[in-house]
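The values are calculated or read from the model by the stated rules, or taken from the named source; none is laboratory data. Given the structure is predicted, the values throughout are model-derived calculations rather than measurements. Using ideal geometry, Cβ is built from the backbone for each residue, glycine included, and neighbour counts are taken over all protein chains shown.
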Amino acid sequence: MIRHRPFGSGHPYSIDTEQRWPLDPVAGAPLRLGVRTTPDVESVEVELETTDAAGSRRTERLPLARVARTSRGQAIDGGHLASAQARLARSAGGWAVEVPAPEAGSAIRYRFVGRMADGGIQRTRRFETVASGWRDAPDHVVATDGARRVIPGSVQVLTDGVRVRRIRFALPLADGEHVTGFGERFDALDHRGTELDSVVFEQYKSQGAERKTYLPMPFAHVVGGAGWGFHVRTSRRVWFDVGASDPDRLVVEAETDAAAGEPAVTVAFYDGDPRAVLDAFLAEVGRPEELPDWVFRLWASGNEWNTQAEVVRQMDLHREHDVPVGSVVIEAWSDERTFTAFRDARYEVTEDGAPHRLADFDFPADGAWPDPKGMVDDLHVRGIRVHLWQIPLLKARPHPTGQARADALAADREGVLIREPDARGQLRPYRNRGWWFPLSTMPDLTDERAARWWTEKRRYLVEEVGIDGFKTDGGEHAWGRELAYLDGTRGDEGNNVFPVAYAKAYGDLLRSAGKAPVTFSRAGFTGSQAHGAFWAGDENSTWEAFRWSMFAGLSAAASGILYWGWDLAGFSGPLPSAELYLRATAASTFVPIMQYHSEFNHHRRPVRDRTPWNIAEQTGDDRVLPVFRSFAQLRERLVPYLAAEAAESVRTSAPLMRPVYFDHPGLETAWSHPLQWFLGRDLFVSPVLSDGDTEHEVALPPGDWVDAWSGERLDGDATIRVDVPIDRIPVFVRAAAWPVLREVFASS
């Protein structure tokens, strides 16, 4: 077998062995052609034919060399395999050759020929592409709204003479300007001197080190001079060189598909301070919707709360320990085949994929979920809202049976799936190429009909069981520019906006049932601002990840994400120390969404739940429960303030969790002390983010302030040092608001 996939898996940060790279050959630059083979193939060569614009043709046969295989971002060199035979088979499977790409406009045809150990020959079909070249372009091919800031003469296009594949241009950067935003970013607040891109990607942990994100946006603030910002109006991938190559220029390079000579991309420019810039951006892409007050109460979850008895037990423990909780997220509730039926429920399969109603289910008394509606009703009486985990896939492994099989067949038959071309160019259902839920098919939730087909199967959960919201996880599974959406959009244009449509579809379901559109997503893009709440994704319980998460919250806020939180102290790996857990709890008390969560650990001992009682037991630290309780109760008292300030944020576009530069764009400490923020108009927060600190430096912004814990009055625009016992986080109240907010802190 010889396999060549010209576009590869679509992994944005890895080149697969069996693909062409670059996808659009660039004149004069190396062109890599690769294949994957079975071990019975002893040698491979490529028959390569090029025809230039004048019609001159050249044909050559070139041998491919053996290479280590890479697939979907994973290098496979055999080093991790126990068997030497398996190592040999794996390493023998990759072949590649590198040639210089011909001049722009040249047609390229190629196929691969393999010689077998038995003397036989195998050939692939012929593949075709066209070489493109970079050339200078007139300034007008970058269309603009607002004051034009594109540096004249900086525009270049990658074109074959007929279509433009990419466009590149530069924006000016002045001394002292800081560049921030770009969606949710984990590594820094100011990105000047760095390079980054905007593509939705599931970076499982270490997002700050890898500089990849679930929630990018091609939008940024430029702060420190006159004040301005920009939005590259595209859902395709965009790269930014933010003064890394030339300190005076911000170079933008964007994928496109435009006729040569025509405008290839539009950039909106906004003038003013960060508030004005964000307001103009949100007016264009959609504003946050005010969610109910209860979203500001503590959210609790754990991946091993996989029975009704365990969920109720954990909620009972909150009551027993006097820890107020407002929402429980149940992840491991379904059969993990349909994501619509509770595990152990008995029901008749609807062969046409039609939705079920609650009366269709029988819940065994000795099953995992003997009475889901009764459980939800009981939790509602206690004031606890219930959210169920979702994934936007039709699972393919293990091989689907029962309702999962009927749904998969119905989805294909009803034409509601994202599709991809097969080897003959015929469209077939797209199969997930990521490592999580591999080969699953995907509903096209960007299409209203397909979204309704999908969400109607979950309507009984909302209208009859009483579910209050959904954790809309895993919106990053659409890979590859050749994907075909139902409206004709191609993957390079549609993949980034899939998670926006995903959250919207579930919000529409909740709204149609008379409920608030509370979704809890990790993936998103431009337009996500209008759809629910977000958390920062999967991370380990480390101090470094704690700091990364704070950068994520501030950059997301600067990009218009109002309702944001993170798995406090991390959800994965060894349990956090008591100190890390309590410092993270303190910080989480003062971000829009306060929640804890823990990863599935196969029910091994010791338990890795991030509940305060489990952390207390595992660490042996008797401070954990009382300190956590104190912060959770403080959070309850903060809810009216947070709800009022969220409404103000919706009205004015000023973020709820607000970076200091929003209020003071010229203040140097906004950048020297980046991990501090305003929470609404009257609170200023400076979390402790390092191990072992007993004293903490605060860059207090201008104004008259009161220490929330001591009541001491302080003059702002000063750097101070404060004591930070484990039950305190530096928080300051605007003096004019102290008479109202004093009581919020008085009981702590």
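Side notes on the structure shown:
- From the list ALA406, ALA368, the one residue that fits, being in the same structural domain as VAL518 (by TED's automatic domain parsing) and either free of Cβ contacts under 8 Å to residues at least 60 places away in the same chain or of a type in the set (A, V, I, L, M) (or both), is ALA368.
- Residues that are in contact with a helix residue (DSSP H, G or I) (Cβ under 7 Å, 6 or more places away or on another chain), over 26 Å from HIS221 (Cβ atoms) and outside the structural domain of TYR204 (by TED's automatic domain parsing) number at least 3 in the following helices (runs of 4 or more DSSP H) confined to segment 485-602: 498-512, 578-588.
- Whichever residue in segment 182-208 is of a type in the set (Gly, Ala, Ser) and buried (at least 24 other Cβ atoms within 10 Å of the Cβ) and, among such residues, is farthest from ILE561 (Cα to Cα): SER198
- Residues that are closer than 18 Å to THR585 by Cβ and surrounded by 16 or more Cβ atoms within 10 Å (Cβ to Cβ) within segment 677-718 comprise TRP677, LEU679, LEU683, VAL685, SER686, PRO687, VAL688, LEU689, HIS696, ALA708, TRP709, listed in sequence order.
- A search for C-beta distances below 7 Å between a residue of segment 699-720 that is farther than 13 Å from LEU683 by Cβ and not assigned by TED's automatic domain parsing to the domain that holds GLN676 and any residue that is crowded, with 17+ Cβ neighbours inside 10 Å and modelled with pLDDT under 95, counting only pairs 6+ apart in sequence or on different chains, returns nothing.
- Residue in segment 740-748 that is free of Cβ contacts under 8 Å to residues at least 60 places away in the same chain and in a loop (DSSP other than H, G, I, E, B) present: no
- Scan segment 563-584 for residues that are buried (at least 24 other Cβ atoms within 10 Å of the Cβ) and either out of contact with any Phe, Trp or Tyr (no Cβ under 9 Å at 6 or more places or on another chain) or of a type in the set (S, T, N, Q) (or both) and the total you get is 0.
- Residues in segment 251-281 that are within 17 Å of ASP160 (Cα to Cα), more than 27 Å from the chain's Cα centre (by Cα) and assigned to a strand (DSSP E or B): 2 in all.
- Tally of residues being surrounded by fewer than 19 Cβ atoms within 10 Å (Cβ to Cβ) and either in a strand (DSSP E or B) or not acidic (Asp, Glu) (or both) across segment 131-143: 6
- Reported count of residues in segment 603-642, each being surrounded by fewer than 17 Cβ atoms within 10 Å (Cβ to Cβ) and either assigned by TED's automatic domain parsing to the domain that holds PHE678 or among the aliphatic types (A, V, I, L, M) (or both), is 1.
- With respect to the conditions (1) touching a strand residue (DSSP E or B) at 6+ places or on another chain (Cβ under 7 Å); (2) part of a helix (DSSP H, G or I), PRO626 lacks only one, and its number is (1).
- Number of residues in segment 215-236 that are more than 19 Å from GLY286 (Cα to Cα) and of a type in the set (Phe, Trp, Tyr): the value is 1.
- Each residue in segment 407-453 was checked for being touching a strand residue (DSSP E or B) at 6+ places or on another chain (Cβ under 8 Å), farther than 21 Å from ARG125 by Cβ, of a type outside the set (Ser, Thr, Tyr) and not in a helix (DSSP H, G or I), and 9 pass.
- Positions within segment 179-204 being of a type in the set (Ser, Thr, Tyr) and within 15 Å of the chain's Cα centre (by Cα), in sequence order: SER198, TYR204
- Residue match in segment 313-325 (condition: closer than 22 Å to ASP473 by Cα and either outside any strand (DSSP E or B) or not assigned by TED's automatic domain parsing to the domain that holds LEU196 (or both)): yes
- Subset of segment 603-623 [part of a helix (DSSP H, G or I) and farther than 21 Å from SER690 by Cα]: TRP613, ASN614, GLU617, GLN618
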